[in-house]
There are 8 protein chains.
Amino acid sequence: MTVTKVAIIIGSDSDWSTMEPCYQELKGFDIPVVVRVISAHRTPEKLREFVLSAQKEGIEVFIAAAGMSAALPGAIAAYTSLPVIGVPIISGALQGIDSLLSMVQMPPGMPVATVAIGVPGAKNAALLAVQILALAQPELGEALKKFKRNMVESVDKKDQVLQERLRRG
Amino acid sequence: MTVTKVAIIIGSDSDWSTMEPCYQELKGFDIPVVVRVISAHRTPEKLREFVLSAQKEGIEVFIAAAGMSAALPGAIAAYTSLPVIGVPIISGALQGIDSLLSMVQMPPGMPVATVAIGVPGAKNAALLAVQILALAQPELGEALKKFKRNMVESVDKKDQVLQERLRRG
Amino acid sequence: MTVTKVAIIIGSDSDWSTMEPCYQELKGFDIPVVVRVISAHRTPEKLREFVLSAQKEGIEVFIAAAGMSAALPGAIAAYTSLPVIGVPIISGALQGIDSLLSMVQMPPGMPVATVAIGVPGAKNAALLAVQILALAQPELGEALKKFKRNMVESVDKKDQVLQERLRRG
Amino acid sequence: MTVTKVAIIIGSDSDWSTMEPCYQELKGFDIPVVVRVISAHRTPEKLREFVLSAQKEGIEVFIAAAGMSAALPGAIAAYTSLPVIGVPIISGALQGIDSLLSMVQMPPGMPVATVAIGVPGAKNAALLAVQILALAQPELGEALKKFKRNMVESVDKKDQVLQERLRRG
Amino acid sequence: MTVTKVAIIIGSDSDWSTMEPCYQELKGFDIPVVVRVISAHRTPEKLREFVLSAQKEGIEVFIAAAGMSAALPGAIAAYTSLPVIGVPIISGALQGIDSLLSMVQMPPGMPVATVAIGVPGAKNAALLAVQILALAQPELGEALKKFKRNMVESVDKKDQVLQERLRRG
Amino acid sequence: MTVTKVAIIIGSDSDWSTMEPCYQELKGFDIPVVVRVISAHRTPEKLREFVLSAQKEGIEVFIAAAGMSAALPGAIAAYTSLPVIGVPIISGALQGIDSLLSMVQMPPGMPVATVAIGVPGAKNAALLAVQILALAQPELGEALKKFKRNMVESVDKKDQVLQERLRRG
Amino acid sequence: MTVTKVAIIIGSDSDWSTMEPCYQELKGFDIPVVVRVISAHRTPEKLREFVLSAQKEGIEVFIAAAGMSAALPGAIAAYTSLPVIGVPIISGALQGIDSLLSMVQMPPGMPVATVAIGVPGAKNAALLAVQILALAQPELGEALKKFKRNMVESVDKKDQVLQERLRRG
Amino acid sequence: MTVTKVAIIIGSDSDWSTMEPCYQELKGFDIPVVVRVISAHRTPEKLREFVLSAQKEGIEVFIAAAGMSAALPGAIAAYTSLPVIGVPIISGALQGIDSLLSMVQMPPGMPVATVAIGVPGAKNAALLAVQILALAQPELGEALKKFKRNMVESVDKKDQVLQERLRRG
């Protein structure tokens, strides 16, 4: 019986459109998910309390998404030793490169597992969380293998469709 | 009893000077580590065989370091559903920004948990691996908490030393 | 009689809109073209098999297009000594600069002939392939000279049209 | 009578070589300065306590210096409404551009007054703090005017020296 | 009784759409604001006169917004010792990164307190000005604390709304 | 009997230290090589004459190396339909990223096969030229396969050496 | 009597929309202008002939606009000692930063007077040409002074309009 | 009889090592040169006076060099209609890319003729000034042609030396 959970924290509710695919991906693997809007800069006390009590709540992996200076995943990492995955959000003038650098360039002692900017990263954050949880939950490992097979089939199908189209001219 | 292992794969033996701190950090947590020089581009067959048999060998987390186009962690991710951590190496004219982007900008379905460029990233890759393994190994969780306390003490000490120095003028 | 072929490999069928001009350009030179959707990360086994058997199938040049971390041309180069041309695709937050760096910054021993990001690169990939094939097929050399003459005439015509327009005020 | 203070917070004692000119500049204006090594990521509790009690301690302006993901000034801003000045430090592979973006790209509601990367920024952080304090301390305003006159004289002198040198050939 | 003022200077009236939120934010704190269109490059004499007489007019803080080479805040700083806040505007091909670097990379002796590119920076410039003025105006300090509480409530509300939405599915 | 040649053109003799490994690599494959110092900007007439007469001289592939604005490979491409390989040189303040973009971002109709910045690119330019020539010279294909096998052995050896070193502690 | 001319050369007729404001600006100063579509890469012979005969035709200043690798102004500079002004065009994935670097990073001995990317640069290229011609044509100097006065008036007017608008609320 | 002059203005005497080759190049053409250390930010009044009286003093072209935010050439352009050439200096963390963007991205109406970063740009600034002055001074045109011939000879000689060296093996 799975009781461990993944927490998706977004710094602003405007990040939800990017992160909903992350949530859906986790749901597709039947992972219990907690979603919260908590800002590292605007609600630091709430973030601290949430993170400090997270392990007791059964949270095993954090996924934190933020735009611009994107301190959120690092601020979470400061209060926990659980794995923290960071998703840079496209926002503002610099299109997420600021968020990417803020997340990935963490000082020694404080890792943030950073993934791609935007929706591709949101989906990969979910998969990375599943891969991590799968180490202790063999049924998730099976689900991941099925997920990979589905990707193969999906690419194969697109390959056939395109070749068919070109053959017909 | 711990039998799971972390595999550190480097694309070139010149990456070792950056990755040795990763190895030492893992050793400090008594994690069994496999270190291999396998190139995604120069020895693709070997990489494939190694990754496909990794799970059987007890490997639970991959740490892959590479410079320049840095395809290594993605090439590993292509053959496994185990978590893959990528460390961009400073090399060539672009000082690792090329490696960072190659690693972090993975397409949906294929996450690489990317950390900082160079030695800070190498150390954080080790800690991230420990955090991941700690989910199923409570004693690692304790070790991580001790590690955090040591960091706090180390910063506190430096704080006192600097203040003392300034007081003396 | 020409039996050699160019293979266009795209990592995702969404890359086709960028690469269709490449296909059309090759068709304009009467070059036989194989088009495939094969992903370096999602279908690595298929890629390996396709590349390892390519030479037998008469393929002489690979053109590989991919976005984001864009490992595809390098993954092809890992399995063949045939020339590999890489086309970075505009996709995701970084608009192809990530793909460009991933393709061009290959380590020593493993060249990818990289061209411009997006459609200009797609067209140039085709021409580069024709230039390469032309070394052994004199009739292609003639076709390329005619292509150059057409470009000259096209620029000349635009020059006249603009001057005419300005003269009329 | 001046009792207000400027607090210089550095995330790591290795940042001191960059920030000592900031300290000296403030000392040159007879501003009381508190210097602390407190890390946003490694000692978050200490940072929180220090900032929350800062106003009571007479601190009026924060100067925070950090390298890489450089969350420090934003983390301070999260707990105070006092002005926070951020100095990006040159460190790691990206030479401070990561720190600059992390500091300056703060979300609405949470300003960090960011200055130049490295020593020029360290000096300017001090001057900016003096300019801010001078609004309520007229004698600092006078000192700043003298500082400006000294700059003018210093540039004039260098101008004369260079012209003299060229005249002599 | 508050008689001090904030001056918002924009280099071009096209910058007003970005800076109006700055103006509104200051108005929300009941700060008297002077708004002027004065260009560092096109009307340098007017800028000089305005800045040299600013202190007499009761101006205590400058907020200067400009796009492209964005010399405006630095040109103001050249003529005053009052704090100057710089807001980089998104304009032209480089989307404000040129303006950001021009503003933040000021030489030693001449600070510009730089904030984020575009509207987030415009809002933060206002808040930074309020924070600076609050050092001598305790009622502004209270207003800032209320502003922070409102931000907390706003984030909390969004948190509840999103959780409610997800609960309903 | 091989009579075809590769021409290495460098824009400045200071580029030779980067390009000598390219020359050596080609020599290792027994490819006749012509090396010339001809600048696109300083000696345009000479470049034009050399390129226009190249095909008659038996040249089949151009390798052009240049730093900064790096117009050389494009200028060659303007006068020929032979394949042109571009090697960006590290020089000046921007460390070759200027040269890389100048070379790779060629307009449609005028491909330059661009490789990595600096020495890695120099070596890969040679290999790419060999791959191109190998299409018509089967013995070069054999030599390339041997080259690949040597790379595999070299990586394997480094793998064993490192493992041995770690085993010994 | 003015008989000297400015030549505007564009590499592609798609650059005209950016460069028409340059043409209009020159026309506003009654400068005779020659406009030509000549590509450095596609019509190198024509470019060479045009530039070599330019001085005889009375051309005194070249303005060259191009996108992507943007070799045009440098290719002109290679054949003349007349001043060459370069305008980087926004085109392709990199939005003109590639063109800017290609134009401005010319090797020693071969200057290109580079201006801003896109329309602002197009206008400034015209003004720079007028400034250059004005050295020998005093009436152009007068026209430039009038142009500056108009700019001052235009900024002043916008200043008044905005202030009026704010006064009315 | 030549009485017109070129003014080289540097923002700091530390820029002289970069700009001395500019001075030498101008001296080689027997151009009278005025060199001044005047800072746009530190000595704005002096800059204004110098520029406003420049035309009377016979100055025809300004060359302005500066590092970091590099407002100097734009500040000169604000007060004159004479041509202003900008040389970005390598200084600080960003190695001149900040200076380049500040100089080149001037708003419409205010051109700065920007050249390459550092010494190559310093030399080219001199040549550009000579090209501009040559429009009214035919003997400078002759000198420029001789300069070009010397460049051709110098490249030819290096070409022969390298070929000779390779022939000897």
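The values are calculated or read from the model by the stated rules, or taken from the named source; none is laboratory data. Bear in mind that the values here come from a model prediction, so they are computed numbers and not experimental data. Glycine also receives a Cβ, built like all others from the backbone with ideal geometry; neighbour counts cover every protein chain displayed. We work out accessible area using only protein heavy atoms, side chains counted, and drop any ligands, DNA or RNA first. Shrake-Rupley method; radii C 1.70, N 1.55, O 1.52, S 1.80 Å.
For the stretch E:1-90, would you read off the P(r) tail past 15 Å as a percentage of all alpha carbon pairs?
54 percent
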Which aspartates and glutamates does F:K145 reach when only Cα atoms under 20 Å apart count, and residues fewer than 8 places away in its own chain are ignored?
-> B:E45, C:E49, C:E57, C:E60, F:E25, F:D30, F:E153, F:D156
Candidate span helices, chain G: DSSP H, at least 20 Å along axis from Cα coords, Kyte-Doolittle average at least -0.5, result G:119-134
State whether the protein assembly as shown is rounded, prolate or oblate according to the following rule on the C-alpha gyration tensor (a ≥ b ≥ c being the square roots of its eigenvalues): a/c under 1.5 gives rounded; otherwise a/b larger than b/c gives prolate, and the remaining case gives oblate.
-> oblate
Collect residues whose amide H, placed 1.01 Å from N in the peptide plane, falls under 5 Å from the amide H of D:V87; neighbours closer than 5 in sequence don't count.
-> D:A64, D:A65, D:A66
One residue of chain A has its C-beta nearest the axis rotating A onto E; that residue and its distance in whole Å are A:Q95, 6
Would you mind checking the pairs F:K123/H:K123; C:K148/F:K5; C:K157/G:K5; A:K123/F:K148 and listing those with alpha carbons more than 25 angstrom apart?
-> F:K123/H:K123; A:K123/F:K148
Residues whose built amide H sits under 5 Å from the amide H of A:V112, excluding neighbours closer than 5 in sequence, are A:M106
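Give me the percent of accessible area attributable to carbon and sulfur for the protein assembly as shown, probe 1.4 angstrom.
Whole-percent figure for carbon plus sulfur exposure: 52.
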Write down the accessible area per residue of chain E in Å², having rolled a 1.4 Å probe over the full set of protein chains.
-> 34 Å²
Quick one: how many Å² of C:H41 are accessible to a 1.4 Å probe, rounded to 10?
-> 10 Å²
Lys/Arg +1, Asp/Glu -1 at C-beta; chain A dipole; positive extreme among A:Q131, A:I117, A:V161 | A:V161
Which percentage, to the nearest 5, of the DSSP beta bridges contained in chain G is antiparallel?
-> 0 percent
Taking N as the number of residues in the stretch C:80-122, the ratio of its alpha carbon radius of gyration to 2.2 N^0.38 Å works out to 1.17
Around E:M103, what is the net charge, scoring Lys/Arg as +1 and Asp/Glu as -1 over all other residues with Cβ under 15 Å from its Cβ?
-> -3
Relative contact order, percent, of the stretch D:53-96 when contacts are C-alpha pairs under 8 Å separated by at least 6 residues?
-> 42 percent
Please work out how much accessible surface C:M68 shows to a 1.4 Å probe, ignoring ligands, DNA and RNA, in Å² rounded to 10.
-> 20 Å²
Stokes-Einstein translational diffusion, the stretch G:80-169 - Kirkwood Rh over all Cα pairs, 0.890 mPa s, 25 °C, in µm²/s | 155 µm²/s
Over the stretch H:1-82, calculate the relative contact order: mean separation of alpha carbon pairs under 8 Å at least 6 apart, over the residue count, as a percent.
-> 42 percent
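Nearest 100 Å² is fine: what is the total accessible surface buried where chains B and A meet, probe 1.4 Å?
Values: alone 9740 and 9740 Å², together 16260 Å².
Summing both chains' loss of accessible area gives about 3200 Å².
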Taking the Cα centre of the stretch G:1-59 as origin and charging only Cβ (+1 Lys, Arg; -1 Asp, Glu), how large is the dipole, in debye to the nearest 20?
-> 200 debye
On each of the three principal axes of the Cα atoms of chain G, give max minus min coordinate, whole Å, ordered largest first.
-> 62, 45, 29
Could you work out, residue by residue across A:161-167, how many beta carbons of other chains sit within 10 Å of that residue's beta carbon, and then give the average as an integer?
-> 3
